[in-house]
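The values are calculated or read from the model by the stated rules, or taken from the named source; none is laboratory data. These numbers were taken from a predicted model, which means no experiment stands behind them. Here the Cβ is made from the backbone with ideal geometry for all residues, glycine too, and neighbour counts use every protein chain on show. All accessible areas refer to the heavy atoms of the entire protein, side chains included, with ligands and DNA or RNA removed. Shrake-Rupley method; radii C 1.70, N 1.55, O 1.52, S 1.80 Å.
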Amino acid sequence: MLRRLSIRNYVLISSLDIDLGEGMAVFTGETGAGKSILLDALGLALGERATSGVVARGSERASVAAAFDVGPADPVRALLAEHDLDHGGELLMRRVIGADGRSRAFVNDTPAGVALLGRIGSLLVEIEGQTDRGGLLDPAGHLDMLDSFAGHGPEWERLAEAHAAWRSAQSALDEGEAAHEASRREEEYLRHAVSELEALAPECGEEARRATERATLLNGQKLAEALEAASAEIAADGGVGARLRSARRAIERAAPLAGGALDPLLQALDRAAIEAEEAESALSAAEEALDAEPGRLEAVEERLFSLRGAARKHRTDPDSLVPLLATLREQLDLIESGADRVAALAAAAETAHQAYRDEARAVSRSREHAARRLDAAVAAELGPLKLGRARFSAALDAVAEGTESRTGIDRCRFMLATDPAADQLPLAKVASGGERARLLLALRVCLARAAGLSTLVFDEIDRGIGGAVADAVGERLARLARDVQVLVVTHSPQVAARGDRHYRVSRSEGEDGAAASVTLLTGDQRREEIARMLSGAQITEEARAAADSLLARGAR
């Protein structure tokens, strides 16, 4: 709810502070007094476009500040929290425009962009008038208004959840299909790589073994000479083993004379003889190993070349070829099973889509019932507003396939025909002027609780009407004010008499030029203003009596 509007150096207003409250506030005054300036100033605080021409003559800057009371259920709270804008129950929106046309915006004294100011303002105030700026004329908001009118709380939440589940399942399917397609493009390469590695049949640690063997084969001549020399030494004088055995026999014959003292020596000779025999056997084996089959060196070198070439091709080392082969085999297995996985994801996506469609159709049926109720409610309001020949309908159409959203499968447009024989067209293309304003009033009365707004502004909604129609407009504005704060700029005494607070906008001429002021009227002041609206510049007693009658009726 708009609690206070403060204006400084704005067009004809040098300084103005208006305190507002709940219910309906009316603004009256002579034509040209400056009533529209108030609405333009408020629009500026709500994020509308600014120009340097609004700065009062002789001033460096103009400023407009609008203070709002923010309730715990106000939709704007979520947006304020999203941008870390503390409010503590009060929200201050301020705009400053310099004489050079530069504009600055603040929310609770925190600098903010004008776009954010506009988003916040759209959740707080709606200005309905004879121009296209009324929110009810924008088809983008019609479906939300119908849903709010229908009371779609749990149903809407289930629909949103079903849509989220479907989109999640569809995303998983899209990712699965993309991955499977990418894998299929790699399938030929993988099969070829696996075939090559399987033919190569690498072994863990093989490169080191082959490298050692190659080094041995390359140095075969030198090794053979060393082994031959060692063999000759061992074989000299009958051989080491023979001499050790002869020595043992000599000790063994004398051992009884030593009383066991020579037993350790006999054991050492036994061990030496065994070691000598093992050394002779190892030497023979080494000599035999050096006697490799022809072409062995070439075969070993070719194997090393193949192992190292495969490693370079796959940008790894030879010892990693074995785990690489296992990984490539796994990737091939995934490709072969990928079709089954994609089929499972597709089934899950289709199930989620069907669940979403079921919820969407249920909401659509509820919307159809709500639309007919809204049509009837608006029709009941049109007659007293001198729009009895008009036909309003909340038209529901299916959205194009593939454009379903979290709000369902419908789009809604408020349609109107001003004559029974005419085709219905969107509101903004049919109604105009005061006719449009009265239609918007009828709609807003029916949608008051559904809007979520805290303040509604009506700009000269009563232009061109009077008598019973003006009284009907005033009655509906007063009824609307039971649910939301209503601000009305009016020339109709019937409407003005319905207000909970009455402000008169006046214009005066002085040495420094024209100036506008706003005065809160009470008691006789208000009676005189309504009498002026009834009779003109010359206020008669009959006009005062009529004003008393209107005020008495408005008080009931």
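Take the residues in the stretch 455-465 that are open to solvent by 20 Å² or more (accessible area, probe 1.4 Å) and modelled with pLDDT of 80 or more, then tell me which one is nearest to LEU136 (Cα to Cα). So the residue we want is ASP459. Looking only at the stretch 16-42, residues that are at pLDDT below 90 and either more than 24 Å from SER103 (Cβ to Cβ) or in contact with a Lys or Arg (Cβ under 9 Å, 6 or more places away or on another chain) (or both) come to 7 in all. Regarding ASP17, is this residue assigned to a strand (DSSP E or B), over 23 Å from VAL495 (Cα atoms) and among the acidic types (Asp, Glu)? Yes, satisfied. Just the residues that are in contact (Cβ under 8 Å) with a residue 24 or more places away in the chain, open to solvent by less than 80 Å² (accessible area, probe 1.4 Å) and farther than 14 Å from GLY29 by Cα, please, taken from the stretch 502-514. Of everything in the stretch 502-514, those that are in contact (Cβ under 8 Å) with a residue 24 or more places away in the chain, open to solvent by less than 80 Å² (accessible area, probe 1.4 Å) and farther than 14 Å from GLY29 by Cα turn out to be GLY513, ALA514.
Would you say ASP138 is surrounded by fewer than 20 Cβ atoms within 10 Å (Cβ to Cβ) and over 29 Å from VAL489 (Cα atoms)? No.
Taking the stated definitions as given, is ALA478 over 28 Å from ALA73 (Cα atoms), surrounded by 13 or more Cβ atoms within 10 Å (Cβ to Cβ) and of a type in the set (A, V, I, L, M)? No, not satisfied.
Can you confirm whether the stretch 36-57 contains a residue that is closer than 29 Å to GLY536 by Cα and in contact with a Ser or Thr (Cβ under 6 Å, 6 or more places away or on another chain)? No, there is no match, as no residue in the stretch 36-57 is closer than 29 Å to GLY536 by Cα and in contact with a Ser or Thr (Cβ under 6 Å, 6 or more places away or on another chain).
Of the residues making up the stretch 385-397, one or more are under 29 Å from the mean Cα position of the chain (by Cα) and exposed (fewer than 13 other Cβ atoms within 10 Å of the Cβ). Checking each residue in the stretch 79-107 for being part of a loop (DSSP other than H, G, I, E, B), in contact with a Lys or Arg (Cβ under 9 Å, 6 or more places away or on another chain) and over 20 Å from GLY58 (Cα atoms) picks out only HIS87.
Scanning the stretch 502-556 for residues that are part of a loop (DSSP other than H, G, I, E, B) and either at negative phi or charged (D, E, K, R) (or both) yields GLU511, ASP512, THR522, ALA537, GLN538, ILE539, THR540, ARG556. What are the pairs, 6+ residues apart or on separate chains, where a residue within the stretch 112-127 that is within 17 Å of GLY89 (Cα to Cα) and open to solvent by less than 30 Å² (accessible area, probe 1.4 Å) has its Cβ under 8 Å from a residue that is of a type in the set (S, T, N, Q) and not in a helix (DSSP H, G or I)? Listed by first residue and then by second, the contacts come to LEU124/SER454; LEU124/THR455; VAL125/SER454; VAL125/THR455.
The rows are residues; the columns are (1) at pLDDT below 80; (2) exposed (fewer than 14 other Cβ atoms within 10 Å of the Cβ); (3) part of a helix (DSSP H, G or I); (4) of a type outside the set (Phe, Trp, Tyr).
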| position | (1), (2), (3), (4) |
| --- | --- |
| ALA199 | no, yes, yes, yes |
| GLU207 | no, no, yes, yes |
| ALA215 | no, yes, yes, yes |
| GLU225 | yes, yes, yes, yes |
| GLY241 | yes, no, yes, yes |
| LEU244 | no, no, yes, yes |
| ALA247 | no, no, yes, yes |
| ALA250 | no, yes, yes, yes |
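Restricting to the stretch 23-38, count the residues that are surrounded by fewer than 24 Cβ atoms within 10 Å (Cβ to Cβ) and in contact with an Asp or Glu (Cβ under 6 Å, 6 or more places away or on another chain). Total satisfying the criteria: 1.
Is there a residue in the stretch 364-374 that is of a type in the set (Lys, Arg), farther than 28 Å from THR490 by Cα and either touching a Leu at 6+ places or on another chain (Cβ under 9 Å) or not in a helix (DSSP H, G or I) (or both)? Within the stretch 364-374, one or more residues are of a type in the set (Lys, Arg), farther than 28 Å from THR490 by Cα and either touching a Leu at 6+ places or on another chain (Cβ under 9 Å) or not in a helix (DSSP H, G or I) (or both). Answer with yes or no whether LEU447 is under 22 Å from PHE414 (Cβ atoms), open to solvent by less than 30 Å² (accessible area, probe 1.4 Å), at pLDDT below 85 and assigned to a loop (DSSP other than H, G, I, E, B). Here the answer is no, as LEU447 does not meet what is asked. Among the residues of this structure, GLY153 does not count as one that is surrounded by 15 or more Cβ atoms within 10 Å (Cβ to Cβ), farther than 19 Å from LEU325 by Cβ and without any contact (Cβ under 8 Å) to a residue 24 or more places away in the chain. Summed over the stretch 327-354, the residues that are open to solvent by 50 Å² or more (accessible area, probe 1.4 Å) and closer than 30 Å to ARG308 by Cα give a count of 6.
For the stretch 227-238, filtered to residues that are free of Cβ contacts under 8 Å to residues at least 12 places away in the same chain and open to solvent by less than 80 Å² (accessible area, probe 1.4 Å), the residue that is nearest to LEU304 (Cα to Cα) is ALA229. Selection of the stretch 515-538 for residues being open to solvent by less than 30 Å² (accessible area, probe 1.4 Å) and over 17 Å from HIS491 (Cα atoms) yields only ALA516.
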